[in-house]
Structures are given as structure tokens and as C-alpha cells.
Amino acid sequence: MVTINNRTGWYDCQMAATSTSVRRRGRPPAAERAGRRDAALDAALAEIRDKGFERLTMSGVAARAGSSKESLYVWFGSKEGLVAELIRRQSARTNTAVESALTTNQPAREVLVGIATNLLNVLLSDTSLALNRAAMSSPALAAILLQHGRHTTGPLIERYLARLHRDGLMQFENPAEAFQLFYGLTIQDSQIRALLGEPPPNAAERSRRARSAASRFIALAAPLQSA
């Protein structure tokens with residue numbers, strides 16, 4: 001209860017209102033904080049696409065995201081930390097898509113087509129190309145890209161290929177070697193050419209290549225027929 005008098009009444013009420021306002025504003029809910037953080041990552045990705053990693057600045061990201069540099073430093077620590085988190089987010093989305101393709105009950109050919117399609121769509125996307133270019137500028141970012149990209153995605157697919165071997169559908173005993181073959185048939189030299197500035201294959205060409213890679217891999221990996 002607030003007592004109002006002629007000398008201090010207005011001041012006391014004003015202080016009470018201010019305290020209530022501070023309590024109400026307080027710290028944003030977790031969902032709101034997560035949304036702001038994701039918005040900052042989206043802004044950073046747009047900045048990298050437009051300007052490249054070397055010209056990326058925390059000020060530019062903050063301005064695009066409608067945030068503050070202080071918040072960015074609290075969330076990510078540095079420009080490299082910001083891009084590292086972008087790489088982790090992109091890799092997690094890629095691996096989720098690959099796992100989804102692997103958990104279907106479709107025939108092996110269709111599963112392989114799905115995997116090849118995911119690899120082509122992800123690795124030749126503007127996002128992936130921008131992050132790969134950034135990683136090439138920093139050994140630390142390159143290590144993170146390998147850890148959360150190739151060294152995580154590869155084993156997921158290798159486990160599926162090992163299962164095909166156990167089921168008698170593939171002759172290769174080494175799933176890592178089988179994946180290298182499948183990856184080469186799928187990606188070929190498209191990623192390096194895109195990184196060097198050549199336009200990547202369009203959606204129709206990626207779809208055709210995914211089916212071709214699956215068919216060629218199955219032909220090469222098929223168990224040898226006994227004489």
C-alpha cells in the first residue's frame with residue numbers, strides 16, 4: 001500500500017510504478033531469446049553471402065538483425081564463434097535430413113536416391129557454399145566444418161551401407177570405401193566448381209544426377225555372381 005502526501009506522494013508512486021515496469025520488462029522469455037539468437041544467425045548468413053567472411057563484421061550483423069553488438073558477443077564470443085555456430089546449425093539440419101532418408105522402408109535404390117538428392121541440394125546450396133568459403137579462410141572453422149559435416153554425415157551413411165552388405169545387397173565389405181565411391185558418383189566435381197564461381201546444377205539436373213549416381217553405385221556394388 002502506498003501513502004500519498006503533498007510532499008512525497010508523487011515521488012513514491014512514481015518509484016513504485018518504475019519498479020513495477022522494471023520487473024515487467026525484466027529478462028525476455030527463453031523462447032524470445034532463442035528467436036533473437038536465430039535471427040542473428042540468419043543475419044550473419046545473409047552478410048556472409050553478400051560480403052564474404054573477410055568483410056563480415058559484428059556491427060553489420062547487429063544492424064541487419066536489429067540487435068546489439070553486445071548481445072552478439074554474449075551469444076557467440078567473436079566473429080569466428082558466430083560463424084562456427086552457423087556451421088553447426090547447418091550441419092545439424094543436413095544430418096537430420098540424411099537420417100530421415102535412411103529411416104524409410106523404401107527399397108535400397110530409392111533410399112540411395114534420397115541420400116544423393118539431399119547431398120546435392122545441401123552441398124550446392126548458397127548456404128553451404130558461403131560457409132565452405134568462410135571455412136577456407138580459417139583453420140579453426142575448417143576443423144569445425146569437418147567435424148560436424150563430413151565426419152558426422154559420412155558415418156550415418158556408412159552404417160546404412162554396412163547394413164546393405166549384411167543383407168547381401170552389396171559386395172563392399174568396407175562401408176567407408178563404399179561411401180567414398182557413392183559420394184564421388186554423386187557430387188563429382190560440382191562443389192569445387194561452384195566454390196570457384198561456376199553456377200551449380202539446377203534442380204532438374206540434380207535430380208537426374210541423384211538417380212544416375214544411385215543406379216551406377218548399385219551396379220558397381222552388386223554382389224558378384226558365382227560361376
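Please treat every number below as a calculation from the coordinates, not as lab data. Every value quoted in this text rests on a predicted model; they were computed, and no experiment measured them.
Per-residue 3J(HN,Hα) values for segment 45-54, derived from phi via the Karplus relation 6.51 cos²θ - 1.76 cosθ + 1.60 with θ = phi - 60°, read 5, 4, 5, 5, 4, 6, 10, x, 5, 4 Hz in sequence order (x marks Gly and Pro). Think of it as helices only: each DSSP H run of n ≥ 4 in the chain is worth -39500 (n - 2.57), and spread over all residues that comes to -24000 deg cm²/dmol at 222 nm. Among the listed values (i) 19.0; (ii) 13.5; (iii) 20.3, the one matching mean projected area of the Cα convex hull in nm² as calculated from this structure is (i).
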